[in-house]
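*Asks:* Structure below; questions to follow.
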Amino acid sequence: MPQLVAVRCTRAHGRPLRIWVPVLPVVLVLSPVLLLAVLAAAVACLVYRISVVRALGAGWGVVSALPGTRIDIEHGRTAVLVTIR
């Protein structure tokens, strides 16, 4: 599971803005919403006749593979780099 998300935004003129977001506190704060999302996903799987266990396992596999991901976006003179550790 990812531990830290680092965001760096570089503008044309000025210092880059850096933000570090620890994942665990955010997950704990949003846990009621995440629980409702998992229940909604389970109901959707049952409606569309998809194995709930396999779907949740695939979702966990995606989340587990996130550490090491870098997302780099440039638009004009603004650049955003998101690093998941």
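*Asks:* Mind listing just one residue for me: the one in segment 68-82 that is part of a strand (DSSP E or B) and in contact (Cβ under 8 Å) with a residue 40 or more places away in the chain and, of those, surrounded by the fewest Cβ atoms within 10 Å (Cβ to Cβ)? Explain how you work it out, then say what you get.
*Replies:* From segment 68-82, those part of a strand (DSSP E or B) are 70-75, 78-82; that's our starting set.
Now drop any that are not in contact (Cβ under 8 Å) with a residue 40 or more places away in the chain, which leaves 78-82.
Details: Thr78: 11, Ala79: 15, Val80: 15, Leu81: 16, Val82: 16.
Within segment 68-82, the match that is surrounded by the fewest Cβ atoms within 10 Å (Cβ to Cβ) is Thr78.
*Asks:* So, one more: Scan segment 26-53 and report the pairs whose first residue is more than 29 Å from Ala6 (Cα to Cα) and whose second residue is part of a helix (DSSP H, G or I) and among the β-branched types (Val, Ile, Thr), with Cβ atoms within less than 6 Å and a gap of 6+ or a chain change.
*Replies:* Once the first residue is more than 29 Å from Ala6 (Cα to Cα) and sits in segment 26-53, its partners that are part of a helix (DSSP H, G or I) and among the β-branched types (Val, Ile, Thr) give Ala42/Val52; Cys45/Val52.
*Asks:* Please list, ordered by first then second residue, the pairs with beta carbon atoms under 7 Å, 6 or more apart or interchain, first in segment 1-17 and within 16 Å of Gly68 (Cβ to Cβ), second in a loop (DSSP other than H, G, I, E, B) and not polar (S, T, N, Q).
*Replies:* Pro2/Leu66; Pro2/Pro67; Pro2/Arg85; Gln3/Arg85; Leu4/Arg85; Ala6/Arg85
We did not get these values from a lab; they are worked out from the coordinates using the rules stated. Source: prediction; values computed, not measured. Note: ideal-geometry Cβ built from the backbone for every residue, glycine included; neighbour counts use all protein chains shown.
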